[in-house]
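The values are calculated or read from the model by the stated rules, or taken from the named source; none is laboratory data. Quick caveat: nothing in here was measured; it's all calculated off a predicted structure. No Cβ is skipped: glycine too gets one built from the backbone with ideal geometry, and neighbour counts run over all protein chains shown. Just the protein is used for accessible areas: all its heavy atoms, side chains included, with ligands, DNA and RNA removed. Shrake-Rupley method; radii C 1.70, N 1.55, O 1.52, S 1.80 Å.
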Amino acid sequence: MPESIALLGYGRFGRALSGLLLEAGIPQRVHDPRSEAVPAELRAGSLAEAVNGASLVVLAMPVGAMRAVLQELRPHLKPSQTVIDVGSVKVRPVQVLASVLGRDIPWAGTHPLFGPASLARGDRPRRTVVCPNELHPEAVRKARELFERLDCVVTEMTPDEHDALMSRTHVLTFFLAHGLMRADVGKDLPFAPPSFQPLARLVEYASQEVPHLLGVVQSENPYGHDARVGLMDALTRLHLELEASRNSGSNGAPEAIPTPSGLVEIRERIDALDREVVELLGRRARLVQQAARVKAEHGLPLPDLGREASLLEKRREWAREEKVDADAVEDVFRAVLRFSRRTPQD
């Protein structure tokens with residue numbers, strides 16, 4: 001069990017985590033130059049002071065700030081110390097930890113699946129995800145031990161598995177909650193049936209818990225865009241089906257429309273092109289597998305978000321050259337990237 005913790009960040013979650021550490025009797029030093037709320041008995045005046053003598057360093061800060069803080073912190077760290085983050089997404093933070101600390105300083109990515117509101121409600125069980133790390137298995141063990149001491153149920157998941165799961169939970173919950181709030185759902189109702197209560201809770205969630213996390217959860221999760229697009233597509237299809245049913249004949253089914261001359265041939269050509277697309281996807285997936293093996297041999301991150309951003313921008317450029325919708329082409333290639341990640345390795 002770590003002898004002391006350096007807690008870097010004292011925002012809403014940092015304060016909540018600090019409280020759990022105090023309850024567990026774990027010594028801590030806290031550094032957050034943007035917060036005046038840090039208790040004097042816990043406050044460290046600098047990063048160096050905070051991490052001096054700490055066996056475990058916890059990064060409780062926005063994902064976008066991690067790289068700069070780690071680079072400033074790096075000269076003050078020793079191989080005997082372990083660094084973990086507590087971000088709501090995992091692919092990008094783990095890439096940052098790997099690129100700055102690498103093999104020299106032990107590190108692990110974690111996501112405590114609780115916050116100030118759930119702690120105040122006394123929700124149980126408290127869950128935490130810890131990401132496996134072949135470079136530093138001991139760091140993973142230390143992270144697991146810390147959260148188990150904080151009375152958490154710990155689950156190990158890869159960064160990709162975590163973010164894919166969160167895209168179907170956190171991402172969509174936050175997205176729906178803010179959408180309902182912006183649509184004024186439930187506003188000024190004289191009464192509401194019991195079936196409305198889940199929506200009412202989502203609206204309340206958006207107004208109380210979500211605002212500070214919305215941007216991070218939506219923009220930093222590499223699977224978030226596809227999850228939102230998938231939900232919107234499903235809702236659009238449902239809407240069109242209901243409209244078609246409303247406008248159909250008395251038997252509830254739309255009237256059959258004769259197939260125009262020549263349409264059969266066009267559809268057959270489309271099917272042939274789609275078959276080629278599937279074959280090309282298979283070839284692409286095999287190349288991605290080869291790239292993954294090379295990256296693994298050299299300790300390079302997978303996926304590489306910088307490479308993916310450059311790839312998507314190049315596909316947008318090609319779309320503009322072909323005078324087709326660049327946003328739609330980007331949506332297609334985001335789906336291709338997701339498909340490539342999900343393709344089983346040889």
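Descriptive notes on the structure:
- Scanning the range 281-318 for residues that are assigned to a helix (DSSP H, G or I), among the aliphatic types (A, V, I, L, M) and free of Cβ contacts under 8 Å to residues at least 12 places away in the same chain yields 287, 291, 294, 296, 309.
- Scanning the range 319-331 for residues that are assigned to a helix (DSSP H, G or I), exposed (fewer than 13 other Cβ atoms within 10 Å of the Cβ) and among the hydrophobic types (A, V, I, L, M, F, W, C) turns up just one, 328.
- Residue among 217, 264 that alone is farther than 14 Å from residue 176 by Cβ and either assigned to a helix (DSSP H, G or I) or at pLDDT 75 or above (or both): 264
- Selection from the range 1-15 of residues that are in contact (Cβ under 8 Å) with a residue 60 or more places away in the chain, touching a Gly at 6+ places or on another chain (Cβ under 9 Å) and open to solvent by 20 Å² or more (accessible area, probe 1.4 Å): 12, 13
- Considering the range 116-156, and only residues there that are within 18 Å of residue 96 (Cα to Cα) and in a helix (DSSP H, G or I), the residue that is most open to solvent (accessible area, probe 1.4 Å) turns out to be 137.
- Cβ separations smaller than 7 Å between residues 6+ apart or across chains give the following pairs from the range 115-129 residues that are at pLDDT 90 or above to residues that are of a type in the set (S, T, N, Q) and open to solvent by less than 70 Å² (accessible area, probe 1.4 Å): 127/155; 128/110; 129/110; 129/155.
- Hits in the range 94-104 (condition: buried (at least 18 other Cβ atoms within 10 Å of the Cβ) and touching a residue at least 40 places away in the same chain (Cβ under 8 Å)): 94, 95, 98
- Check on residue 69, at pLDDT 95 or above, open to solvent by less than 10 Å² (accessible area, probe 1.4 Å), within 28 Å of the chain's Cα centre (by Cα) and not polar (S, T, N, Q): no
- Boolean, residue 176 is under 25 Å from residue 224 (Cα atoms) and part of a helix (DSSP H, G or I): yes
- Residue 90 being open to solvent by less than 20 Å² (accessible area, probe 1.4 Å), under 23 Å from residue 136 (Cα atoms) and among the charged types (D, E, K, R): yes
- Residue match in the range 222-238 (condition: open to solvent by 70 Å² or more (accessible area, probe 1.4 Å), at pLDDT below 85 and either among the small types (Gly, Ala, Ser) or more than 12 Å from residue 171 (Cβ to Cβ) (or both)): no
- Subset of the range 166-177 [open to solvent by less than 60 Å² (accessible area, probe 1.4 Å), farther than 17 Å from residue 115 by Cβ and either touching an Asp or Glu at 6+ places or on another chain (Cβ under 6 Å) or not polar (S, T, N, Q) (or both)]: 172
- Answer residue from the range 179-191, given it is in contact with a helix residue (DSSP H, G or I) (Cβ under 7 Å, 6 or more places away or on another chain) and more than 18 Å from residue 229 (Cα to Cα) and is most open to solvent (accessible area, probe 1.4 Å) among those: 181
- Matching residues, the range 24-35, being touching a residue at least 60 places away in the same chain (Cβ under 8 Å) and of a type outside the set (Val, Ile, Thr): 24
- Being of a type outside the set (D, E, K, R), open to solvent by 30 Å² or more (accessible area, probe 1.4 Å) and at pLDDT below 95 is a property that does not hold for residue 25.
- Annotation note: of 57, 38, the sole residue that is more than 24 Å from residue 144 (Cβ to Cβ), open to solvent by less than 10 Å² (accessible area, probe 1.4 Å) and out of contact with any Lys or Arg (no Cβ under 7 Å at 6 or more places or on another chain) is 38.
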